[in-house]
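Taking it in order: structure first as structure tokens, then the write-up.
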Amino acid sequence: AAVRSTPGVNDVSVNIAAEVVTVAQSLGIQVEPISGIPADDYLPTDNAEAMEDLKSRLAEGASNLGAGRPSMLQDVMKGRKTEIDYLNGFVAARGDIVGVDTPFCDGIVDIVRRVERGDMPYEESNIDPLRAMV
């Protein structure tokens with residue numbers, strides 16, 4: 001839930017979702033709503049009000065999720081290999097095939113892999129390079 005409500009972090013999650021939707025649509029896949037929000041709402045826009053509304057809806061949805069931890073976070077915290085290659089890694093690989101840049105998916109895959117290998121500790125600040133890209 002924190003990802004959807006923490007300033008800066010929610011910007012990263014919106015950008016990751018935008019990449020997922022863009023790659024999927026480039027492959028002819030119709031994307032179902034994400035967290036109850038139409039997939040097209042995640043696509044990049046110059047409309048700052050629409051983006052703030054999206055982040056507000058995500059934060060509101062997060063408050064209804066409770067305090068549980070996502071399975072990938074549980075894996076990271078327990079030092080287990082995650083499914084990152086099958087999620088964001090898959091999107092990045094398909095993005096390469098269809099010519100869609102996926103810097104946020106690439107970045108999160110790199111961060112998670114580095115944590116998995118023990119090259120960096122698990123810390124919220126690991127996402128700072130992605131925050132700087134927003």
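Nothing in this text is a laboratory measurement; each read-out follows from the coordinates by a stated rule. In this text, all values refer to a predicted model and were calculated from it rather than measured experimentally. Methodologically, a virtual Cβ is constructed for each residue, glycine included, from the backbone with ideal geometry; neighbour enumeration extends over all protein chains shown.
See the values below:
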{"quantity": "Mean Cβ neighbour count within 10 Å, used as a protection proxy, ranking 16-27, 75-86 highest first", "calculated": "16-27, 75-86"}
{"quantity": "Approximate spin-label separation Ser26-Ser71, in nm, with each point projected 7 Å along Cα-to-Cβ", "calculated": "2.7"}
{"quantity": "Cut-off under 5 Å, modelled amide H: who pairs with Ile34 long-range", "calculated": "Ala39"}
{"quantity": "Lys/Arg +1, Asp/Glu -1 at C-beta; the chain dipole; positive extreme among Ser35, Pro103, Gln74", "calculated": "Gln74"}
{"quantity": "Label-point separation, Tyr122 to Val134 (7 Å along Cα→Cβ), nm", "calculated": "2.2"}
{"quantity": "Relative contact order for the chain, counting Cα pairs under 8 Å that sit 6 or more residues apart, in percent", "calculated": "31"}
